[in-house]
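The values are calculated or read from the model by the stated rules, or taken from the named source; none is laboratory data. What you are looking at is a predicted structure, and each value in this text was computed from that prediction instead of being measured. We place every Cβ from the backbone using ideal geometry, glycine too, and count neighbours over all the protein chains shown.
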């Protein structure tokens with residue numbers, strides 16, 4: 001767990017990796033999986049802001065986040081780079097509708113805040129063809145997950161430990177049938193904390 005930065009995240013009470021850099025508060029297997037893709041030309045919408053917002057801003061062309069907590073909003077907003085936009089919406093009825101208020105479609109939609117079932121319904125309508133929807137704590141929000149599956153998205157579930165928490169949970173990634181994001185590298189990366197080994201060429 002030390003290689004993942006788990007104890008650092010516990011001490012700081014925030015989602016960071018072994019180098020102290022911001023990561024989403026997802027399970028470690030989900031974060032490692034997402035790290036393999038090149039999001040440089042992609043747009044991201046987040047329900048629920050935090051260190052994940054900083055993570056996406058480092059990787060994506062544009063990030064739009066909505067947060068219901070005034071404290072989190074005030075803490076995060078000064079840290080955002082130019083490609084990040086953060087909205088404070090503390091009305092639970094309006095919160096899911098924020099995505100529908102604009103005309104923009106998104107390549108990545110993250111659901112990790114309040115009113116998740118309603119957010120899932122909005123996300124399906126605003127997902128760009130070939131994109132992904134990420135639902136954290138999908139094991140706790142099975143009705144929300146059902147909304148995404150019923151829309152014809154293919155779900156891949158990542159169980160495991162993650163930052164801060166002392167229990168396992170599930171982060172699920174739901175893929176549009178036309179998903180084809182480019183990879184950052186041609187070869188699969190070595191896992192964090194794993195043994196490095198390269199096969200010899202024939």
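For the condition touching a strand residue (DSSP E or B) at 6+ places or on another chain (Cβ under 7 Å), touching a residue at least 60 places away in the same chain (Cβ under 8 Å) and part of a strand (DSSP E or B), what is the one hit in 109, 132?
From the options 109, 132, the qualifying one is 109.
Name, by its number, the condition in (1) surrounded by fewer than 17 Cβ atoms within 10 Å (Cβ to Cβ); (2) outside any helix (DSSP H, G or I) that does not hold for residue 138.
Residue 138 satisfies all of (1) surrounded by fewer than 17 Cβ atoms within 10 Å (Cβ to Cβ); (2) outside any helix (DSSP H, G or I) except (1).
Here is a check on your reading of the model: is residue 197 outside any strand (DSSP E or B) and either at pLDDT 95 or above or under 22 Å from residue 55 (Cβ atoms) (or both)?
no
Within segment 145-162, which residues are within 16 Å of the chain's Cα centre (by Cα), more than 15 Å from residue 31 (Cα to Cα) and either at pLDDT below 95 or surrounded by 19 or more Cβ atoms within 10 Å (Cβ to Cβ) (or both)?
145, 148
Restricting to segment 1-15, what's the tally of residues that are out of contact with any helix residue (DSSP H, G or I) (no Cβ under 9 Å at 6 or more places or on another chain) and part of a helix (DSSP H, G or I)?
Total satisfying the criteria: 6.
Kindly provide the set of residues from segment 55-84 that are within 16 Å of the chain's Cα centre (by Cα) and either more than 16 Å from residue 38 (Cα to Cα) or in a strand (DSSP E or B) (or both), ordered by number.
62, 63, 64, 65, 66, 67, 84
Just give me the residues in segment 170-179 being more than 14 Å from residue 24 (Cα to Cα) and either part of a strand (DSSP E or B) or touching a strand residue (DSSP E or B) at 6+ places or on another chain (Cβ under 6 Å) (or both), in sequence order.
Once the filter is applied, which keeps residues that are more than 14 Å from residue 24 (Cα to Cα) and either part of a strand (DSSP E or B) or touching a strand residue (DSSP E or B) at 6+ places or on another chain (Cβ under 6 Å) (or both), segment 170-179 yields 174, 175, 176, 178, 179.
Exactly one condition in (1) touching a helix residue (DSSP H, G or I) at 6+ places or on another chain (Cβ under 8 Å); (2) outside any loop (DSSP other than H, G, I, E, B); (3) free of Cβ contacts under 8 Å to residues at least 40 places away in the same chain; (4) closer than 16 Å to residue 47 by Cα is false for residue 155; which is it?
Condition (4) is where residue 155 drops out.
Pull up segment 112-129, narrow it to residues that are outside any helix (DSSP H, G or I) and either at pLDDT below 95 or within 14 Å of residue 65 (Cα to Cα) (or both), then point me to the one that is nearest to the chain's Cα centre (by Cα).
Here the residue is 112.
Among the residues in segment 53-68, are any free of Cβ contacts under 8 Å to residues at least 24 places away in the same chain, under 20 Å from residue 137 (Cβ atoms) and crowded, with 17+ Cβ neighbours inside 10 Å?
Scanning segment 53-68, I find at least one residue that is free of Cβ contacts under 8 Å to residues at least 24 places away in the same chain, under 20 Å from residue 137 (Cβ atoms) and crowded, with 17+ Cβ neighbours inside 10 Å, so the answer is yes.
For the structure I just gave you, tell me whether residue 104 is within 18 Å of residue 131 (Cβ to Cβ) and part of a loop (DSSP other than H, G, I, E, B).
For residue 104, the condition - within 18 Å of residue 131 (Cβ to Cβ) and part of a loop (DSSP other than H, G, I, E, B) - is met.
Kindly indicate whether residue 98 is modelled with pLDDT of 95 or more and surrounded by 17 or more Cβ atoms within 10 Å (Cβ to Cβ).
No; evaluated as a whole, the condition is false for this residue.
Test of understanding: among 26, 45, 39, which residue is surrounded by fewer than 24 Cβ atoms within 10 Å (Cβ to Cβ) and either over 13 Å from residue 132 (Cβ atoms) or at pLDDT 95 or above (or both)?
Answer to the selection: 39.
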